[in-house]
Amino acid sequence: MNSNCGNCCNNCRGQLCASKVPIFENLNNEELLEIVKNINHKEYSKSDVIFTEGNISNTLYFINEGRIKLYKYTKDGKEQILHILSEGEFFGELELIKPSKYRFNAKSIVDAKICTLSKDEMKSIIMRDPEIGIKVLEAIGERLSKIESLVQNLATNDVDSRMAYLLIDLMEKYGENIENSISVKLQLSREDMANYIGVTRETISRKLKKFEDEKLIKIVGTKNIIILDEEGLKDYI
């Protein structure tokens, strides 16, 4: 269950949570303190719903700790994940432009600590520092570009292509170089991976095994994948 944690957010003691957010990275300590004065802190447990599609949008959310998924439901009631966001990222930005309702749902994948600003407070910050507004627009553009790529990928019936797209996306976001390979600590369950690319959990397991047999990847336990042949994966896309 989510709860307001007032000024008790441990991550905000000594290290301002706003400093983790790239759009605020050029602000000095005094400017960050001014922002933090207006920030509210909330904690969410794993699988807590933060908001649902159709709720009035009046808040910008910054992820201090944890992971959040943004998703919609298809006409047949299946979950379609749009984005997986983690520490330092934010959401709710599209609704800053004009009064509206959220067009997607947001849920915590793991326990999460979230910092929030009201839409009016964020607008005041942008008015004081237009560069922040430019960074917000850049983030919006990047996110829309990823949605466009996701839609194009989902439009194909080639499940191998969808699976390769997902692995490359996870690699670019969470991969760490280790010798001649890239280690990816999975941030998603098999079910969430399936919901990301519109297939079943069984298909995810089958395709991971196929790519492993082709020596494109190596599966280590349930939470780690080693990318052995990045170009080989990209050939599928």
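Which lysines have a Cα lying under 18 Å from the Cα of residue 78, excluding residues fewer than 8 positions away in the same chain?
Leaving aside lysines fewer than 8 places away in the same chain, those within reach of residue 78 are 69, 107.
Between residue 82 and residues 5 or more places away or on another chain, which pairs have amide H atoms under 5 Å apart, with H built 1.01 Å from N, and which residues are they?
Those qualifying (amide H under 5 Å, at least 5 residues apart or on another chain) are 70, 71, 72.
Using the structure shown, list the pairs from 135/209; 72/234; 42/209; 119/234; 42/234 with a Cα-Cα distance above 31 Å, or answer none. Provide the component values of the computation, followed by the final result.
Values: 135/209 40 Å; 72/234 27 Å; 42/209 39 Å; 119/234 40 Å; 42/234 39 Å.
In this structure, 135/209; 42/209; 119/234; 42/234 exceed 31 Å between Cα atoms.
Provide the per-residue ³J(HN,Hα) series for segment 169-178, in order, calculated from phi with Karplus coefficients 6.51, -1.76, 1.60 and θ = phi - 60°, each as a whole number of Hz, with x at glycine and proline positions.
3J(HN,Hα) across segment 169-178, in whole Hz: 4, 5, 5, 5, 8, 10, x, 10, 5, 9.
For residue 123, which aspartates and glutamates qualify as cross-link partners when the Cα separation must be under 20 Å and same-chain residues fewer than eight apart are set aside?
25, 30, 31, 34, 89, 93, 95, 131, 138
At 0.36 nm per residue, and after removing the present C-alpha to C-alpha distance, how many nm does the segment from residue 49 to residue 101 gain when stretched out fully?
Between residue 49 and residue 101, full extension yields 17.1 nm more.
For residue 180 and residue 224 in one chain, what is 0.36 nm times their gap in residues minus the Cα-Cα distance, to one decimal in nm? List each step's numbers first, then the result.
Details: separation 44, 0.36 × 44 = 15.84 nm, distance 1.61 nm.
Length gained between residue 180 and residue 224: 14.2 nm.
May I ask you to evaluate 6.51 cos²θ - 1.76 cosθ + 1.60, the Karplus curve with θ = phi - 60°, for each residue of segment 47-56 and list the ³J(HN,Hα) values in order in whole Hz, giving x for glycine and proline?
Ordered by residue, 3J(HN,Hα) equals 6, 5, 7, 8, 7, 10, 4, x, 5, 5 Hz.
Taking 7 Å along the Cα-to-C-beta vector as the label spot, tell me the residue 34-residue 80 distance in nanometres, rounded to one decimal.
4.2
Once you place label points 7 Å from the Cα toward the Cβ at residue 58 and residue 134, how far apart are they in nm?
Each label point lies 7 Å from its Cα, and together they span 3.2 nm.
Explain nothing, just compute: Karplus ³J(HN,Hα) = 6.51 cos²θ - 1.76 cosθ + 1.60, θ = phi - 60°, for every residue of segment 110-127 in order, whole Hz, x for Gly and Pro.
In residue order, the calculated couplings are 9, 3, 9, 10, 10, 9, 10, 10, 6, 4, 5, 5, 5, 4, 5, 4, 5, 5 Hz.
Set the Förster radius R0 to 25 Å, insert the Cβ-Cβ distance between residue 201 and residue 161 as r into 1/(1 + (r/R0)^6), and round the FRET efficiency to 0.05.
Working: r = 19 Å, r/R0 = 0.75.
Rounded to the nearest 0.05, the efficiency is 0.85.
Let's see if you can work this out: charge +1 on each Lys and Arg Cβ, -1 on each Asp and Glu Cβ, no other charges. What is the dipole magnitude of the chain about its Cα centre, in debye to the nearest 20?
On the way: 34 positive and 38 negative charges, 168 e Å.
Using Cβ point charges on Lys, Arg, Asp and Glu, the chain gives about 800 debye.
For residue 215, go through the aspartates and glutamates and keep the ones whose alpha-carbon is under 18 Å away, minus same-chain ones fewer than eight residues off.
Answer for residue 215, where 18 Å is the Cα cut-off: 160, 179, 229, 230, 231, 235, listed by chain and number.
Just one of (1) 18.7; (2) 19.1; (3) 18.1 is Kirkwood radius over Cα pairs in Å calculated from these coordinates, so which is it?
Calculated Kirkwood radius over Cα pairs in Å: the matching label is (2).
Report the extension gain between residue 214 and residue 144 in nm, rounded to one decimal, defined as 0.36 nm multiplied by the number of residues separating them, less their alpha carbon distance. Can you show the working numbers first?
Numbers: separation 70, 0.36 × 70 = 25.20 nm, distance 3.27 nm.
In short, 21.9 nm is gained.
The numbers here are math on the coordinates, done by the rules we state, and not lab data. Just so it is clear, the model here is predicted, and its values are computed rather than measured. Neighbour counts run over all protein chains shown; Cβ positions are idealised from the backbone, glycine included.
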